[in-house]
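Derivation of every value follows stated rules applied to the coordinates shown; laboratory data play no part. Keep in mind that this is a model prediction, so the values were computed, not measured. Heads up, the Cβs are rebuilt from the backbone with ideal geometry, glycines too, and the neighbour counts pull from every protein chain shown.
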Amino acid sequence: MEITRGSRFLRFCIPIIDVLNELGGSGKAAEITDAVIERLNISEKEQAELLKNGNSRVRNQIAWARFYLAKADLIDSSRYGVWALTDKGRFKKYTTSDIYKLFRDVQTKFSKKTEEAEPVEDESEGGSPTDQISDNISSPTLLEVLRSLSSDGFERISQRLLREHGFERVVVTGQSRDGGIDGHGILQINPFVSFTVLFQCKKYSGAVSASQVRDFRGAMQGRADKGIIMTTGTFTTEAKREARRDGAPPIELVDGDQLVQMFERLELGVRPKTIYEVDEAFFEEYR
């Protein structure tokens with residue numbers, strides 16, 4: 001396997017390490033990914049580029065960079081979506097040459113294993129680090145199922161999700177083409193305080209842009225206290241900044257990964273399943 005095949009995601013390795021150091025050594029996956037995108041000034045156009053499987057190309061590459069950093073023992077793996085630097089990653093300033101050497105070492109380690117155990121690192125084909133640990137590759141992921149729903153179906157399942165999270169009088173209005181508003185509901189904070197919330201559902205694989213957030217805010221102007229945009233795709237870093245812009249009504253953004261987490265927490269449409277993966281490092285001292 002040639003070193004050049006990995007260069008597309010190796011450019012993210014040092015920024016990941018730098019961002020983690022700035023955050024004190026650890027951070028949520030989404031937080032780190034957004035910070036790396038901002039640090040490298042990646043355009044909204046590039047953020048919107050997709051792989052064949054519908055996932056974001058840039059975010060996939062960053063995930064692969066984390067995968068190799070973890071295999072090189074610079075980052076700890078976490079089952080809770082937190083990336084954390086090891087002592088090896090925290091206390092040394094890495095150069096591009098260092099990263100390429102680490103990459104070669106990891107590739108050499110994989111080359112000694114069976115072909116099935118080696119990750120498919122050609123992200124142009126849609127591979128991702130998480131794809132490699134699935135025990136049933138024929139089973140569709142929850143995100144794939146959500147993307148396969150009809151537009152009306154996705155609006156109705158979003159309505160159900162809002163109700164499950166405490167919203168009342170949730171009404172879907174998407175078919176009325178009400179200025180980009182797909183529905184509204186009431187969030188009762190306590191017996192004295194409640195909010196009217198408007199929501200928009202975007203069922204696609206791409207990235208929601210800052211202009212789309214502005215358009216939604218314009219449609220909700222004077223009609224609600226808060227807004228929610230739910231998508232099976234992602235949001236650009238510019239869209240996230242726009243959603244929290246000072247002086248403008250805040251808009252909550254819920255991307256595909258967050259939708260999956262919500263369904264899983266509620267066990268809504270999914271059944272829990274325990275999967276065990278061999279921790280090879282544990283057995284090293286016994287070899």
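Calculated translational diffusion coefficient of the range 157-211 (37 °C, 0.692 mPa s; Stokes-Einstein with Kirkwood radius over alpha-carbon pairs) equals 265 µm²/s. Over the Cα atoms of the range 230-287, the radius of gyration divided by the Kirkwood radius equals 1.28; this is the Rg/Rh ratio.
Remark on Val170: its backbone amide H falls under 5 Å from those of Ile186, a criterion applied only to residues 5 or more positions apart or on other chains, H modelled at 1.01 Å from N.
So what does log10 I(q)/I(0) come out to for the range 54-110 at q = 0.24 Å⁻¹, using the Debye formula with one equal point on every Cα and no solvent? After summing over all Cα pairs, the log10 values are -1.07.
For the range 143-225, run through the chymotrypsin sites (Phe, Trp or Tyr not before Pro) and keep only the ones in DSSP coil with at most 11 other Cβ atoms within 10 Å of their Cβ. The qualifying sites are Phe192. When the C-alpha to C-alpha distance is required to be over 27 Å, the pairs from Lys28/Lys240; Lys28/Lys273; Lys52/Lys93; Lys52/Lys202; Lys203/Lys240; Lys28/Lys71 that qualify are Lys52/Lys93. Taking a ≥ b ≥ c as the square roots of the Cα gyration tensor eigenvalues, the range 17-72 comes out oblate, since a/c reaches at least 1.5 and a/b does not exceed b/c. Highest mean first, the peptides 263-271, 220-228, 85-93 sorted by other C-beta atoms within 10 Å per residue fall in the order 220-228, 85-93, 263-271.
Modelled this way, with points 7 Å down the Cα-to-C-beta line, the labels at Thr141 and Asp279 are 2.5 nm from one another.
With the convex hull of the Cα atoms taken as the outline of the range 135-287, the averaged projected area works out to 13.1 nm².
Potential lengthening of the chain between Glu31 and Thr86 amounts to 18.0 nm, from the contour at 0.36 nm per residue minus the alpha-carbon distance.
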